[in-house]
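Visitor: Here it is, the structure, as structure tokens.
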Amino acid sequence: MNTRAKAQMKKTDCTLCVIKPHVIKAQQAGELLTHISSSGYCIEGLFSVHMTLQMAHELFEVYRGMVWLDGWSRAVVRHFTRLIVFA
């Protein structure tokens, strides 16, 4: 993890937004980001990434035991790893 990413993690009152591949493919990411900004949220950074299986599993690990169902989790991981996402 780079130094800037570590510094960002120390901030409070923040969250992660991951824009799914189908939104990017449909060219709706700009509209979504505009809506997020106009709703009062501050976008501190934005990058694109092609998630690996390990990255997707780590991202969704927090849901294990809540909504982490075998078929559902495999479908979500496949969806997030097939194309790039914005985070």
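Visitor: Keeping to the range 31-65, report how many residues are farther than 14 Å from V85 by Cα and among the aliphatic types (A, V, I, L, M).
Guide: So the answer is 3.
Visitor: Right, here's the next one. Sort out which residues of the range 29-87 are at pLDDT below 85 and acidic (D, E), and write them in order of number.
Guide: Answer for the range 29-87, where residues must be at pLDDT below 85 and acidic (D, E): E61, D70.
Visitor: Can you tell me which residues in the range 15-59 are of a type in the set (K, R) and either assigned to a helix (DSSP H, G or I) or more than 13 Å from the chain's Cα centre (by Cα) (or both)?
Guide: K25
The values are calculated or read from the model by the stated rules, or taken from the named source; none is laboratory data. Please read these numbers as outputs of a predicted model, since none were measured by experiment.
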